[in-house]
Each structure stands twice: as C-alpha cells, then as structure tokens.
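The values are calculated or read from the model by the stated rules, or taken from the named source; none is laboratory data. Small disclaimer: the values here were computed from a predicted structure and weren't measured. In this analysis, Cβ positions are derived from the backbone assuming ideal geometry, glycine residues included, and neighbour counts consider all displayed protein chains.
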C-alpha cells in the first residue's frame with residue numbers, strides 16, 4: 001500500500017475551545033491507484049489532504065491517528081492556480097524550484113520546457129518565460145501540473161483541480177492527469193465536490209460529510225448502488241444530459257454546518273429524509289457490505 005491513513009483526527013484549539021473539522025477518517029491509496037475523496041465544501045476534504053504533509057493550516061492543528069506513506073514524494077495540484085503561483089516569478093523559475101538540485105541552468109531550462117510540453121501547452125517555451133498573469137486559468141493549471149511532475153512524485157494530490165475552469169478546460173485537465181498517471185505510474189488522490197467526475201476515472205471513492213467518511217468502496221459499486229442518503233443526494237445532483245431543459249436541478253436541502261455546530265448523532269440527520277430519533281441520538285457505526293463501507297442505520 002502506498003498511503004494508509006488510519007483514524008485521522010484534526011483539531012484546532014483557540015482560547016480553550018476545540019474545533020474538530022476532521023474526525024476518525026481512514027482510507028488507503030494503493031500503488032499506482034486512483035482514489036477520490038468526494039463531498040461538499042466544508043466537509044474536511046482539503047484539510048485531510050493538506051494534513052499528509054502538515055501544510056497550512058494543518059501545521060497549526062493538533063493531529064492524531066497514523067499516516068503511513070511508503071513512497072518518496074508527494075506533489076500537490078491546488079484548486080486555484082492563480083493563488084498558488086507566485087505572481088512576480090516567471091513560470092520557469094517556479095518549476096525549477098521543484099527540480100533536483102545540482103542541475104545546470106541549461107539542463108533545468110530544457111527540462112522545464114519538456115515538462116510544460118508534456119502537459120499539452122501549445123507553446124511551452126513561451127509559457128516557461130511568462131508570468132502567471134500572462135496565462136489563462138487552464139494554462140496556469142497545466143503549469144501547476146508541470147511543477148508537480150518536476151518532483152517525480154509517487155503520489156499526486158489533486159485538490160479540486162478544475163475549480164473556476166470552464167467545462168471544456170475541466171475535461172482537458174482531468175484527462176491530462178489521467179494520461180500522466182498512466183505514463184508515469186504515479187498514484188492519484190483526487191479531491192472533488194462532484195461525484196460525477198470520478199466515474200470512469202477513479203478506482204475507489206470515499207464520500208465525506210461533516211469530517212467523516214460516510215461511504216467508501218469501488219467506484220462502480222458505489223455509483224451503481226449508493227447506500228448512504230448523502231451519496232444518493234450527491235449523485236442525484238449531477239446534471240443529466242438527457243434531462244428536459246426546463247427540468248429543475250436536484251439538490252440536497254440545507255447546507256453543511258460548521259464544525260463547531262455539528263449535531264449529536266448522525267451529522268447528516270438534519271438534511272436527511274430518512275432520519276428518525278435514533279439517527280438524531282446515535283452516530284451510526286460503519287457497516288461493511290461486500291467491498292463497500294457505509295455509516296447509516298437505514
């Protein structure tokens with residue numbers, strides 16, 4: 001196993017008050033595997049991913065549980081490249097920072113252009129010498145992917161890499177990550193709010209709500225027979241191409257509450273059509289059915 005996370009708990013303490021946005025999260029990423037963590041904003045997905053290397057803000061958190069990584073390097077592609085790239089440095093200078101030390105400047109520049117070319121940029125030499133503001137959002141994300149590849153990672157963490165991109169560019173970025181993973185053999189951990197993106201791309205999916213994994217298993221099994229009401233809601237919210245133009249979009253009533261306002265019992269109970277008194281009083285245990293795990297009384 002390349003990555004194994006067991007009973008991860010992330011807590012922030014301030015003025016004697018503790019907030020726990022991630023609690024008892026466990027999942028694995030196999031060698032060369034493709035695993036997704038799916039859920040709405042505020043469910044703890046990004047914090048879980050950032051905690052793997054104690055990146056901010058998790059460097060200020062109290063973290064318990066165990067994380068075992070058997071590879072050498074983890075690279076990240078963040079959700080907003082315009083915020084992640086340094087606006088006053090050329091793209092080539094930023095990618096060179098991730099390259100092995102000791103390379104000559106000429107060799108490093110050649111490798112930067114090669115990495116940018118692998119991401120499908122039409123003019124990699126121009127992109128290498130450009131500032132981030134001179135590139136489109138999709139081109140910036142490709143530069144971020146080139147920077148991630150520069151470290152020759154065993155695991156690529158892609159944290160909502162298609163945020164703020166148009167639909168066509170989203171598809172291109174995801175297909176690029178797929179092809180590079182197949183080419184290099186790196187594993188991929190995809191963080192996304194869109195359950196529809198994992199179909200056909202990921203091997204395993206972990207559905208996260210209110211800091212917990214509520215359903216997990218092989219993608220095809222989970223999508224074909226979602227057992228948790230939250231998973232069903234996410235799947236129903238994916239627009240169908242064959243739906244009538246005037247058909248209303250499905251949604252999940254309510255919103256994800258902040259971590260310091262999570263209810264007793266099942267956190268999804270206030271939004272769930274199947275919730276009863278037991279759901280509101282007790283946190284459902286994890287049930288295993290075949291290769292799928294879910295936490296729901298119903």
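Some values worked out for this structure:
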| read-out | value |
| --- | --- |
| Filter result (out of contact with any helix residue (DSSP H, G or I) (no Cβ under 6 Å at 6 or more places or on another chain) and more than 23 Å from residue 293 (Cα to Cα)) within segment 18-68 | 18, 53, 54, 55, 56, 57, 59, 60, 61, 62, 63 |
| Condition met for residue 281 (surrounded by 11 or more Cβ atoms within 10 Å (Cβ to Cβ) and within 25 Å of the chain's Cα centre (by Cα)) | no |
| Residue among 294, 298, 193 that is over 22 Å from the mean Cα position of the chain (by Cα) and touching a residue at least 60 places away in the same chain (Cβ under 8 Å) | 298 |
| Within segment 1-55, strands (runs of 3 or more DSSP E) holding 3 or more residues that are more than 18 Å from the chain's Cα centre (by Cα) | 3-14, 17-29 |
| Residue match in segment 260-275 (condition: without any contact (Cβ under 8 Å) to a residue 12 or more places away in the chain and in contact with a strand residue (DSSP E or B) (Cβ under 6 Å, 6 or more places away or on another chain)) | no |
| So residue 208, is it in a loop (DSSP other than H, G, I, E, B), in contact (Cβ under 8 Å) with a residue 12 or more places away in the chain and either surrounded by fewer than 17 Cβ atoms within 10 Å (Cβ to Cβ) or in contact with a strand residue (DSSP E or B) (Cβ under 9 Å, 6 or more places away or on another chain) (or both) | no |
| Filtered residues of segment 58-77 (kept if touching a residue at least 24 places away in the same chain (Cβ under 8 Å), surrounded by fewer than 16 Cβ atoms within 10 Å (Cβ to Cβ) and not in a strand (DSSP E or B)) | 60, 70, 71, 72, 73 |
| Test: residue in segment 223-230 that is in contact with a strand residue (DSSP E or B) (Cβ under 9 Å, 6 or more places away or on another chain), closer than 20 Å to residue 29 by Cβ and either in a helix (DSSP H, G or I) or free of Cβ contacts under 8 Å to residues at least 12 places away in the same chain (or both) | yes |
| Matching residues, segment 20-46, being surrounded by fewer than 15 Cβ atoms within 10 Å (Cβ to Cβ) and either free of Cβ contacts under 8 Å to residues at least 24 places away in the same chain or more than 30 Å from residue 183 (Cα to Cα) (or both) | 41 |
| Considering residues of segment 142-168 that are modelled with pLDDT under 90 and under 21 Å from residue 37 (Cα atoms) only, the residue surrounded by the fewest Cβ atoms within 10 Å (Cβ to Cβ) | 167 |
| Helices (runs of 4 or more DSSP H) wholly inside segment 78-145 containing at least 3 residues that are out of contact with any strand residue (DSSP E or B) (no Cβ under 6 Å at 6 or more places or on another chain) and touching a residue at least 40 places away in the same chain (Cβ under 8 Å) | 81-84, 91-96 |
| Scan of segment 233-257 for residues that are buried (at least 16 other Cβ atoms within 10 Å of the Cβ) and in a helix (DSSP H, G or I), ordered by number | 233, 234, 235 |
